[in-house]
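Okay, structure first, notes after.
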Amino acid sequence: MRKIKQTVRTILLCGFLFAYTDATFAQITLSVKQQPVREVIKEIERISDYRFFYNENSIPMEKRVTVNVKDSDIENVLNLIADQMGISYVIKNNQIALSAEKRANVAQQTRKVQGTVVDDLGMPVIGANVSVKGTTNGTITDMDGNFLLEVPNNAILEITYIGYRPQEIAIKGQTRVDIKLAEDTQKLDEVVVVGYGTQKKATLTGAVASLKGEELAKVSQPNMKANLIGKIPGVRYQESTGEPGVDSSDRFNIRGFGEPLVIVDGVERPFTQIDPNEIASMNVLKDASAAVYGFKGVNGVIIIETKKGEMSRPKINYSYSIGLQSPVKNLEMMNAYEYAYYRNQALMNAGQSKRFTDEEVEKYRTGSDPINYPSTDWYAETVRKVAPKQQHNLNINGGSEKIRYFFSLGYLDQESILKSTQEFKRYNFRSNITAEITSKLNAEVGLGGHIDDYKYPYWTGGDEGIELFTAIKSNAPNVPVYANNNKNYYYNSDNNELNPVAMLDRDATGFKDKRNVEFNGQLALNYEIFKGLKARAFFAYDYTNLAQKEMKTACTFYTYDSVQDTYNPITKVAKGELMEKTQPYYKTTQQYSLNYKNTFNDLHDVEALALWEWKETNTNWFMARRYYSTTSAIPELDRGDVDN
């Protein structure tokens with residue numbers, strides 16, 4: 001009888017070894033110390049619906065194990081047993097098969113780990129980051145400081161929170177870990193930029209989040225707003241388009257309250273296209289911390305300080321990064337055979353005759369006549385799986401007691417996920433010099449800026465971009481890209497949509513080019529009147545010029561007559577259109593201030609600021625439009641040959 005029982009168990013085991021793990025979520029509480037595994041299994045079967053299957057000849061059921069869990073799932077319990085026994089297991093529904101195969105030879109097991117994060121006083125830490133070291137697997141603590149995370153058995157947890165020292169905890173088979181974070185007193189002594197001055201973190205009473213420039217440069221994004229995702233609490237950004245260099249300003253906010261005010265080196269400026277290698281620090285002021293900026297700071301304030309020179313021998317730094325971009329999701333399109341088959345089915349269901357004969361459907365299926373019976377994946381013809389981007393930066397830093405300098409040059413090249421010449425290039429420069437004129441007087445001179453070049457096909461971006469993807473989805477897969485497969489003749493679609501591949505051809509259907517030039521210059525004089533009291537005069541000049549040129553080309557598509565061996569033209573866009581626009585912008589900023597800052601008895605910090613600020617802006621724009629026939633396509637306003 002015993003032999004029969006073993007045989008049945010062996011057969012069942014072989015069947016379950018090829019099954020997949022179907023995790024269940026029953027909670028088990030069990031406390032046994034150095035008990036035979038046979039008794040432990042019986043106890044699990046008694047308190048749960050799980051049933052075990054094993055071969056007693058290969059698994060030492062009398063080996064003793066220790067298990068101490070509370071409200072744990074079955075995987076954690078089995079992992080504890082398997083680690084001590086040197087065996088493996090497979091779960092299928094509520095049935096568990098044990099195997100003598102060592103766990104090192106099977107897929108890595110995981111377990112759910114829960115715990116609580118508290119501070120020195122035992123109060124829960126809300127929003128602490130808990131992650132598996134070296135991975136992106138992580139979570140944050142809830143309102144009670146609790147967390148739950150599924151991790152590998154050999155995982156090391158990293159726990160971090162602003163103002164506290166990071167901790168690392170090795171799991172080592174545990175299912176619960178409680179962490180007490182200690183304050184980082186060194187960070188509390190750090191100085192952060194707040195409003196029109198600086199302050200130690202230890203004396204801050206408002207909500208301020210800080211980030212070093214090195215953190216921004218580690219994983220660099222073409223758009224500075226995208227660079228902040230996951231780095232500063234409360235900052236939210238969503239890119240609404242995958243176009244190179246595009247700034248989705250309406251999707252950027254702090255805590256969901258709209259776009260914040262941005263201050264760069266003391267002046268209200270855009271920051272999207274700043275090279276992250278130029279940034280020394282970034283501070284985000286929230287709530288009352290931003291009150292000094294009045295109504296402009298109601299959505300929060302981002303204060304950016306660019307790098308300054310250090311007293312040292314010249315240091316030359318070069319960095320280079322390359323990355324790949326890919327669509328979040330690729331569309332799976334029907335091929336010509338599927339389209340023909342289901343089109344026939346739909347027509348017959350509606351009581352109508354079939355659109356394609358059985359012979360035509362078969363030719364689409366076999367692909368035996370690709371010229372007359374083509375199969376086109378319009379999405380694959382127009383969208384790349386990956387697109388490269390690269391960034392270079394060269395900077396020099398150094399100086400003496402009297403003069404310090406920082407110079408930086410940057411270059412960014414971002415290509416599009418579309419199969420076109422759509423691209424974005426950016427050229428950055430920065431020069432910051434600090435000079436000590438006398439023991440009480442010093443001067444700061446800063447120059448910076450960037451040139452942004454956008455080169456797009458006409459049918460990308462804005463409403464035209466929507467029309468492009470409408471054409472990709474609307475053109476049938478049995479429509480070819482080229483007439484008679486001749487790349488000199490774009491095929492004319494049977495419907496009103498344009499040929500998507502032609503829409504991405506700048507030479508065939510037009511272009512959108514844009515250049516944005518931005519220059520920032522500033523001069524500051526700082527004078528110490530007596531200990532603690534300083535006077536400051538600051539002047540800044542900002543210039544931006546946006547130049548746009550858009551050309552929609554009058555274009556013709558073709559069909560092919562195989563009998564006459566001729567290409568028949570069909571004009572889809574009868575009239576070309578050129579638009580040119582320039583928009584210069586000028587701004588001057590002046591600030592004059594007196595600042596008193598002192599510490600008495602090493603305990604009492606006293607600070608007072610009196611400041612007067614004046615700004616003047618000036619902008620204008622010019623736009624002109626001209627129309628063209630199919631015979632005139634020179635993209636200059638004076639060459640238009642069609643009346644408006």
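The values are calculated or read from the model by the stated rules, or taken from the named source; none is laboratory data. Being a predicted model, the structure only gives us computed values, none of them experimental. Neighbour counts are summed over all protein chains in view; Cβ atoms, including those assigned to glycine, are modelled from backbone coordinates with ideal geometry. All accessible areas refer to the heavy atoms of the entire protein, side chains included, with ligands and DNA or RNA removed. Shrake-Rupley method; radii C 1.70, N 1.55, O 1.52, S 1.80 Å.
Structural remarks
- Verdict on Val606 being part of a loop (DSSP other than H, G, I, E, B), out of contact with any Lys or Arg (no Cβ under 6 Å at 6 or more places or on another chain) and over 30 Å from Glu518 (Cβ atoms): no
- When residues of segment 545-555 are limited to those that are out of contact with any Lys or Arg (no Cβ under 7 Å at 6 or more places or on another chain) and in contact (Cβ under 8 Å) with a residue 60 or more places away in the chain, the one least open to solvent (accessible area, probe 1.4 Å): Met551
- All of Arg626, Arg639 fail the test of being among the charged types (D, E, K, R), more than 29 Å from Phe519 (Cβ to Cβ) and touching a Phe, Trp or Tyr at 6+ places or on another chain (Cβ under 9 Å), apart from Arg639.
- Filtering Ala471, Ala443 for residues that are out of contact with any His (no Cβ under 8 Å at 6 or more places or on another chain), open to solvent by less than 30 Å² (accessible area, probe 1.4 Å), aliphatic (A, V, I, L, M) and in a strand (DSSP E or B) leaves a single hit, Ala443.
- Residue selected from segment 233-266 under the condition under 20 Å from Phe538 (Cα atoms) and assigned to a loop (DSSP other than H, G, I, E, B), by the criterion least open to solvent (accessible area, probe 1.4 Å): Asp265
- Here Val90 passes the criteria (1) surrounded by fewer than 19 Cβ atoms within 10 Å (Cβ to Cβ); (2) under 30 Å from Phe52 (Cα atoms); (3) not small (Gly, Ala, Ser) except the one numbered (1).
- Any hit, segment 2-9, residues being open to solvent by less than 50 Å² (accessible area, probe 1.4 Å) and either within 42 Å of the chain's Cα centre (by Cα) or modelled with pLDDT of 75 or more (or both): no
- Taking segment 400-424 as the range and being open to solvent by 30 Å² or more (accessible area, probe 1.4 Å), out of contact with any helix residue (DSSP H, G or I) (no Cβ under 9 Å at 6 or more places or on another chain) and closer than 22 Å to Gly510 by Cβ as the test, the residues that pass are Glu415, Ile417, Glu423.
- The set of residues from segment 267-287 being open to solvent by 20 Å² or more (accessible area, probe 1.4 Å) and aliphatic (A, V, I, L, M) comprises just one member, Ala280.
- Condition check for Lys42: at pLDDT 85 or above and on the phi < 0 side of the Ramachandran plot: yes
- Residues that are in a loop (DSSP other than H, G, I, E, B), open to solvent by less than 20 Å² (accessible area, probe 1.4 Å) and hydrophobic (A, V, I, L, M, F, W, C), drawn from segment 356-399: Phe356
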